[in-house]
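Accompanying notes for the structure given below.
Since every read-out is calculated from the coordinates, none of them should be taken as a lab result. Note that the coordinates shown come from a computational prediction; the quantities given were computed from them, not determined experimentally. Cβ placement follows ideal geometry from the backbone for every residue including glycine, while neighbour counts extend to all protein chains displayed.
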């Protein structure tokens, strides 16, 4: 499909927007009127600028408050349209978006609207231009696509068609199924906008909170499928009003935009190629035929499949010699052993249970350059998967950059991509088994010595990232489109210096979980960590065990220190949750926090942070508890703030 | 009245909150449960800490999901309550807030709710504690104060009363008039929360957007009047969930909180002392009597009255010698003449029409210290008023700090206060006339030379401030409570690098207008100016004239430069507004922008900025146009960004 984007979706001046759009390899743009009106250059200069960048101008938008008007206003609007048609011809753009009338003067009469749009289409036809009519969700008389289509149908002019925008349909909870029945050639243009599900005035929602497909909570794939089943073959476009995108450097947002369309196309391709089994409805056969026609007619993006992830193979830390030595002390307190040294580099492998942590202090390396800008920090998450090259292929097909570092003799190549913010996601073959990777690269200690050395940590439970506000949607889409991790609900955590929004993303079998934390304000601990990390940073790593009381006792015996929890917490806990008093007493003694859901229980504790930054969490999940103890995060944050004060 | 505030309203750790609350001279607090639960100290330590600061703990809150429950849950909740009662006794707090049930288990049966609350009150009475029942706006069965009162009435227990919160009533558009009929002794506690009028889910609205009285759009004074008419004599409290307050240093927010209550009390006192004339209703006499009783019984804050403002007398700029010389060039281009030199300081007076601008480059002065931290910038706005000392008295009564600078021989004292952010608002006596102030302090040039020297500027039309996000509500309240300026509607302006929210505040006769601009994101020109100005800065000054075409032509002839406006703007303007083509051609030639409202027209133009900061606007208002040309701000912002790029 042709892929286009409205200029209003990005920050910057018009030339900056066009450059970012071209760099992200879009085919064309929707020119948002204000972007043109406030640009210093003329229409022919804009036309040349777009053309030089290889971009067509597919749509001029919006043209407002036209149809269903009293005659005097209608006549004036026709004159206004003629001036815009002049401009469109100078710009070499053949279609204008006319959105449904929001004026208090609107007359609710579909026949009048049809007649007036017919006349407009006639004026357009005289210049070989086309008019697309779109139902705004807050249109005064027309706000559903079904109403807009009825008006277009009655107007019955070849230069008048329908424009669809998923936001306007899905925000009103209207059913998109009817779209499949509209003649495809009468759908002139398609805008795909996602959004979080918010309960608020639809106009405010539309103007501030739209997002790219895959970043919100609407069913984008179903909507697009209906439009394709109708026979639509025009551009797939994005018109996203989003306060954060407006503030964010436009090169990254343009990449997100392209990723969102490629991901959406791949989802719809999957649906069309592997439709749900026959549901017994009489028209199932007809739809099967329609699907096949779509696949013949439309080239939908076909990236390699999502990787099947079997947990995190290792986490790599960027360090220098001094910080590596300090960090070594912390890791030993947590029960890790130095399991091996790299054959040729200043890199040490730490192990416990199935957990591998790599501390990389090699000069002139990627890790060292990360250390120099970010301090001791996570520089790579290594994902275990059956097909590492396939996973990298998926990621690059989804607009991530492949990373190829230098490889020494006897070293395994670990394919990797750059994640948003600059750290790496590496892919390790499951076939290598627990030692395969490390045997090649590391001089491993004798494993037989290791038995009983740890303190009972088993696996990496989750990795919590702190993100700048403008990285949140970027990471949701990266997690879904590149890693196949699906988001859970968004929660708010009260830090003493501001709210922190927290959202988990995980794969289906929960072998990989990330938690994405965002602090809108600058004063929270999360915000300070994120600022130090340049916008994206791992702020803690949660490791699980089978007996948290035993594990924590052994860690304390080794000198580990944990964030202290107020006695008031336990007095309150026992009033909130029906718990055995002795168990609460044990938690109080150990400083362990507790959460309970319908599905199970969660015991957890946080270590003190390393150099006021990264820290660890020790967790024990009981039964099918699927959260992250968010209810207890404020206890941690308050304690950290009290100690910091 | 006793004045109290809930700890949740402020940022920080619990000790930091209490210190800020005490410093703002509150009498007591509502202790928000999580603030206690997550605090490392015990109940007796918290009790001692509050007591040492002179603060009582008036309320422990909230106790949730109690009334109207199935018996098993009810019994468990009674046990939960006993544990909280233990705690309250340790804390020396005698009242708990029980908010209406939000649990899906709630049984909608007022008699059951009354019976269960009666039993809770009995338990409380055994310890000499009291229970206040509050209707949450999102309570499952009970969400109106009338319902809550009916339950309290049926429960009929002396240790059970009603708690009122203006947010819960006004967010649901419920009429507070019925409150006056509730027996005052049964209203146990009163929380006053304002909010902007938002069309969104009430729970989200309540959790994130409440504000102090006077910062939002609810009728706070009417609500409080009803409660006082009922005979309530308890504390006046604030329980404000606000995302920005949570992120803002708590000392300033605590001052805002106190200012909001003092302002509210003074408003209600005015209403009670000067009630609306008899409306013919039979109970008017009864209410007159009730009002008189309230004024006898309750001590409502009685500050000096709001100043009557007759425009801005002068604007003072902080400078040094070099920047003053540069700025001189700009001011001369705008038609100002050097009208006088200060008798003893490096201070120059510029005049044109009724406009006075003072450039202060005096070493070791307040202005110089502002220059050193903020560059050339406005350091004082001088307001013309009949009673300067009264105005300062009003300001200090409203928690502003008086500023007393050094005064030289032969100099007038100009009383001043420090406005939020640190610049001054000075008050100049109207009785001094146009020259009175300056004759004392300045060696004035012969005025007879001045005739015809200017370019037609007449008055200061408005002053536009750029504010950090956390200064917006502070400035709204300061403007209202100290200066008597009332806010207009909030508008959004699209800068190429993010939205800017803009809101005018003005007095009734429009002789003084400020525009408060806030950029949530960091990338806009406004945001950069605000950051350079330390959170509050004047970013432009609008000056009006009678013939903008003539004035601008004369300025251009003197070398003034203006932000260029795209020709596309004028092509679009003539399609939007029915205007004479020749007039549009003149505007295009001159680079003048245009806006039209129902009330009148607005012509305006922006100068290029001085050192990439401050700039001027030249405006001409036609008829009763009452806005600020917000619709054209994006044209300016885009032009500035294109030139900056």
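Okay, here's what the table says:
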| item | result |
| --- | --- |
| On Cα atoms only, tilt of A:388-397 relative to the major axis of chain A in degrees | 30 degrees |
| Residues in region A:567-607 reached by a label modelled at residue B:82 [backbone nitrogen below 14 Å; 7 Å Cα→Cβ] | A:575 |
| For residue A:72, label point 7 Å along C-beta direction: distances to other copies, nm | 7.2 |
| Order of B:577, A:605 - criterion: other Cβ atoms within 10 Å of each residue's Cβ, fewest first | B:577, A:605 |
| Beta carbon of chain B nearest to the axis of the rotation taking B to A, residue and angstrom distance | B:200, 2 |
| Over chain B: helical MRE at 222 nm, DSSP H runs n ≥ 4 each giving -39500 (n - 2.57), nearest 500 | -11500 deg cm²/dmol |
| Relative contact order computed over region B:98-146 (Cα-Cα under 8 Å; 6+ residues apart), in percent | 56 percent |
| Averaged over A:488-499, number of beta-carbon atoms from partner chains that fall within 10 Å | 4 |
| Projected label distance in nm at residue A:435 and residue A:372, using a 7 Å step from Cα toward the beta-carbon | 3.7 nm |
| Estimated distance in nm for a label pair at residue A:585 and residue A:92, the labels positioned 7 Å out from Cα along Cα-to-Cβ | 8.4 nm |
| Nearest-ten-degree value, helix B:110-125 long axis tilted from longest Cα axis of chain B | 80 degrees |
| For A:343-349, mean number of other protein chain Cβ atoms within 10 Å | 0 |
| Relative contact order (percent, whole number), region B:436-592, Cα cutoff 8 Å, 6+ residue spacing | 26 percent |
| Shortest-first distances to equivalent copies, position residue A:600, nm, label 7 Å out along Cβ | 7.1 |
| At 7 Å out from Cα toward Cβ: residue B:156 inter-copy label distances (nm, ascending) | 7.5 |
| Using alpha-carbon coordinates, inclination of helix B:633-644 to the longest axis of chain B, degrees | 60 degrees |
| Nearest-0.05 FRET efficiency for residue A:199 and residue B:599, computed from C-beta distance (R0 41 Å) | 0.70 |
| Sorted by Cβ density within 10 Å, fewest first, the residues A:225, B:608, A:33, B:79 | B:79, B:608, A:33, A:225 |
| Considering only the protein assembly as shown, percent of DSSP beta bridges that pair antiparallel, nearest 5 | 55 percent |
| Label point distance in nm, residue B:328-residue B:270, each placed 7 Å from Cα along Cα→Cβ | 4.5 nm |
| For A:574-581, mean number of other protein chain Cβ atoms within 10 Å | 2 |
| A:238, B:467 arranged by Cβ crowding within 10 Å, fewest neighbours leading | B:467, A:238 |
